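A quick write-up on the structure given underneath.
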Amino acid sequence: MSIVFEGAGLTVDTPDGSRVVLAPTTLELAEHRIAVVGANGSGKSTLARMINGLVAPSAGRVLVDGFDPARDGREVRRRVGFCFTDPAAQLVMPTCAEDIELSLRRTVKDAHLRRQRALQVLERHGLVDHADASVHTLSGGQKQLLALAGVLAVEPSVVIADEPTTLLDLANTRRIGDLLLGLEQQLVLVTHDLDLAARCDRGIVVADARVVYDGPAAAAVDHYVASVPA
Amino acid sequence: MSTPLLLGVYQPGSTVLHRLPVWVKVLSLGALSLTIVLVRDVRAAVGFLALALVLAAIGKVALRTLARSTRGILVIAVIASALQWWAAGPDKAAETLLDLISLALLALTVTATTLVNAILDSLIRGIGPLRRVGVDPERVALTIGLAIQAIPGTVALALETRDAARARGLGSHPRAYLTPFVIRVVARAHETGDALAARGIGDD
C-alpha cells in the first residue's frame with residue numbers, strides 16, 4: 001500500500017494567531033512497519049490522523065493508494081484501520097461480540113453470518129469467552145485487544161495505531177506490541193514505547209511540528225533519545 | 001471505584017423472551033410502559049411490579065444483574081416518592097416508587113434478552129420505508145444503539161470524576177465534580193465520533 005504525503009501540513013487559527021500543528025511534510029510510507037516517535041504535542045498524532053482523514057491538511061495533500069482521505073474518505077477508511085490510545089472511546093457497543101459485529105455491519109449484511117464472523121474474530125484473539133460480556137468489565141489490556149480486533153475484523157490493508165500501549169501494563173504492552181508487529185498489514189505505529197519503535201523497519205522522529213529524522217528505526221530512536229535533554 | 005451499572009448488557013439464553021421477535025418485545029415494552037404511567041392506582045402498581053418480576057424470571061435475568069442495575073434507579077425512585085409523599089401523600093409515594101422500579105425492570109429484561117444489534121436490525125427494517133423521505137435507517141438505528149451504550153459509559157465517567165474530586169479533598173464541592181464531568185463527557189463524545197469515523201461507520 002502506498003501512502004504519500006505531498007507537502008501535507010496543518011495550521012490552525014488560535015486567539016493568539018496561527019499555530020503550525022504540522023509543517024508541510026513530504027514523505028512516502030512504503031515499508032511494512034513504520035514507527036513515529038516524538039514528544040507529546042509534537043505533531044505525530046496529527047500526521048497519523050491525516051492518513052485516514054480524521055484530520056484534513058490545510059496545505060498539500062495525502063494520498064492513500066491514490067485516494068485523497070479528504071475527498072475519498074470512504075475508500076480510504078476501507079483500506080486503513082485506526083487504533084486509538086484509549087479503547088474506551090473506541091468500544092461503542094455493550095458487549096464484545098456486538099462491538100465486533102458493528103465493525104462488520106458494512107461488509108456482512110446477514111445478521112447470523114455477522115454473529116458467526118464476530119465470534120471467529122474473538123476466538124482468533126482469545127476473547128471468545130468474553131463474547132457476551134460487557135465491554136466495561138474487561139481489563140485495560142483486553143479492551144485494547146478488543147478494539148484492535150474490531151479494526152482487524154474488516155481486514156484493512158493498513159493499520160494506524162496511535163499510542164496503543166500508553167495505558168497498558170508491561171505484560172499487555174508486550175502482548176499488543178507483538179500482535180501489532182506481527183501483522184501482515186502495513187503498520188504505522190505512533191508510540192512512546194521506544195523498544196517497540198526500534199523493532200520497526202523505519203523510524204520517523206517528529207519534533208516541533210516537523211519531521212526531523214527519517215531512517216532506520218533503531219537510528220531514529222537513538223536520534224530521539226539524544227535530542228531529549230538529560 | 002464503583003462499577004458502572006450494566007444496563008444494556010445481553011445475557012445469552014434460550015427462554016421464550018430470548019426467542020420472541022425484537023419488534024414484539026419493543027412494542028410490548030412501549031405499551032406496558034405507557035400503561036404503567038397512565039394507570040394511577042397503587043394496587044395496579046403492585047400488579048405491574050409483580051408482572052415485571054415474573055417477566056424477569058421468565059427471561060432468567062440474573063439476580064445479581066437485577067440488583068446492581070436497579071440500585072441507581074432505586075435511589076432516584078426513593079427521592080421521587082419522598083417528594084410525592086410530601087406533596088400528595090403515602091399512596092402516591094408508594095405508587096411512584098413501584099412504577100419506577102417496574103419500568104426499570106421491564107427495560108432491563110428487554111435489554112438482557114435482546115442483542116443491541118438485533119434491536120438495530122429490527123429498527124432498520126421497521127423504518128426502512130422512510131428512506132423515501134430522506135431518513136437514513138442505519139444512521140437512526142446506530143444513534144439509538146449509541147444512546148443505549150452511552151448510559152453505562154457516562155456513569156463510569158461520572159464515577160471516575162467523583163473519585164478524582166474525592167482524592168483531591170473536593171468531594172463536597174459541586175464545581176469540582178460537575179465542571180470536569182461535563183468536559184470529560186464532551187471530550188468522550190468527540191473521541192467516540194472520531195472512532196466511529198475511523199471505523200467507516202456512517203460512510204455507507
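The values are calculated or read from the model by the stated rules, or taken from the named source; none is laboratory data. Bear in mind the structure is a predicted one, so any value in this text is a computation, not a measurement. Reconstructed Cβ throughout: ideal geometry from the backbone, glycine too, with neighbour counts over all protein chains shown.
The listed residues are B:GLY128, B:GLY153, B:GLY145, and the only one of them that is more than 30 Å from B:VAL75 (Cα to Cα) and outside the structural domain of B:ILE79 (by TED's automatic domain parsing) turns out to be B:GLY128. Exactly one residue out of B:ALA187, B:ALA118, B:ALA141 is in a helix (DSSP H, G or I), out of contact with any Leu (no Cβ under 9 Å at 6 or more places or on another chain), among the small types (Gly, Ala, Ser) and more than 23 Å from A:VAL55 (Cα to Cα): that is B:ALA118. From the list A:ALA147, A:ALA161, the lone residue that is of a type outside the set (Ser, Thr, Tyr) and assigned to a helix (DSSP H, G or I) is A:ALA147. Can you confirm whether A:VAL92 is at the interface with chain B (Cβ under 9 Å from one of its Cβ atoms), touching a helix residue (DSSP H, G or I) at 6+ places or on another chain (Cβ under 9 Å), crowded, with 20+ Cβ neighbours inside 10 Å and under 21 Å from B:ILE119 (Cβ atoms)? Answer is yes for this residue.
Filtering segment B:40-47 for residues that are assigned to a helix (DSSP H, G or I), of a type outside the set (A, V, I, L, M), away from every other protein chain (no Cβ under 14 Å) and out of contact with any helix residue (DSSP H, G or I) (no Cβ under 7 Å at 6 or more places or on another chain) leaves a non-empty set.
Yes or no: segment B:194-201 includes at least one residue that is within 13 Å of chain A (Cβ to nearest Cβ) and charged (D, E, K, R). Scanning segment B:194-201 turns up at least one residue that is within 13 Å of chain A (Cβ to nearest Cβ) and charged (D, E, K, R). Scanning segment B:151-195 for residues that are within 30 Å of A:GLY73 (Cα to Cα) and without any contact (Cβ under 8 Å) to a residue 12 or more places away in the chain returns B:ILE183, B:VAL186, B:ALA187, B:ALA189, B:HIS190, B:GLU191, B:GLY193, B:ASP194, B:ALA195. Against the numbered list (1) more than 24 Å from A:LEU196 (Cβ to Cβ); (2) of a type in the set (Ser, Thr, Tyr); (3) touching a residue at least 40 places away in the same chain (Cβ under 8 Å), A:SER42 comes up short only at (1). Out of B:ALA112, B:ALA87, B:ALA104, B:ALA77, one residue alone is part of a helix (DSSP H, G or I), within 28 Å of B:ARG199 (Cβ to Cβ) and of a type in the set (Gly, Ala, Ser). It is B:ALA112.
Looking across A:LEU119, A:LEU145, A:LEU113, one residue alone is within 13 Å of chain B (Cβ to nearest Cβ), in contact (Cβ under 8 Å) with a residue 12 or more places away in the chain and either surrounded by 21 or more Cβ atoms within 10 Å (Cβ to Cβ) or of a type outside the set (Gly, Ala, Ser) (or both). It is A:LEU119.
Run A:LEU179 past the list (1) in contact (Cβ under 8 Å) with a residue 24 or more places away in the chain; (2) away from chain B (no Cβ under 13 Å); (3) buried (at least 19 other Cβ atoms within 10 Å of the Cβ) and report the number of the one that doesn't hold. Only one criterion is unmet by A:LEU179, namely (3).
Residues that are part of a helix (DSSP H, G or I) and either within 23 Å of the chain's Cα centre (by Cα) or within 10 Å of chain B (Cβ to nearest Cβ) (or both) within segment A:122-142 comprise A:LEU122, A:GLU123, A:ARG124, A:VAL135, A:HIS136, A:THR137, A:GLY140, A:GLY141, A:GLN142, listed in sequence order. Only one of the numbered conditions (1) modelled with pLDDT under 90; (2) touching a Ser or Thr at 6+ places or on another chain (Cβ under 9 Å); (3) within 14 Å of chain A (Cβ to nearest Cβ) is violated by B:LYS60, and that is (1).
When A:GLY53, A:GLY73, A:GLY66 are screened for being within 9 Å of chain B (Cβ to nearest Cβ), farther than 29 Å from A:SER139 by Cβ and surrounded by fewer than 20 Cβ atoms within 10 Å (Cβ to Cβ), only A:GLY73 passes. For segment B:123-132, does any single residue satisfy the condition of being under 30 Å from B:ALA62 (Cα atoms), within 13 Å of chain A (Cβ to nearest Cβ) and assigned to a helix (DSSP H, G or I)? Yes: segment B:123-132 contains one or more residues that are under 30 Å from B:ALA62 (Cα atoms), within 13 Å of chain A (Cβ to nearest Cβ) and assigned to a helix (DSSP H, G or I).
Could you tell me whether B:VAL135 is of a type in the set (Val, Ile, Thr), farther than 28 Å from B:LEU83 by Cβ and surrounded by fewer than 19 Cβ atoms within 10 Å (Cβ to Cβ)?
yes
The lone criterion from (1) closer than 17 Å to B:THR111 by Cβ; (2) under 17 Å from the mean Cα position of the chain (by Cα) left unmet by B:THR15 is number (2). On the stretch given as segment A:198-224, residues that are within 17 Å of the chain's Cα centre (by Cα) and either part of a strand (DSSP E or B) or among the acidic types (Asp, Glu) (or both) total 6. Please go through segment A:1-15 and give me each residue that is of a type outside the set (A, V, I, L, M, F, W, C) and outside any strand (DSSP E or B), ordered by number. A:SER2, A:PRO15 - these are the residues of segment A:1-15 that are of a type outside the set (A, V, I, L, M, F, W, C) and outside any strand (DSSP E or B).
In segment A:14-26, the residues that are surrounded by 15 or more Cβ atoms within 10 Å (Cβ to Cβ) reach residues that are assigned to a loop (DSSP other than H, G, I, E, B) and at pLDDT 90 or above with C-beta atoms within less than 7 angstrom, at least six apart or across chains, in these pairs: A:VAL20/A:ALA209; A:VAL21/A:GLY43; A:VAL21/A:ALA209; A:LEU22/A:GLY43; A:LEU22/A:ALA209; A:ALA23/A:ALA209.
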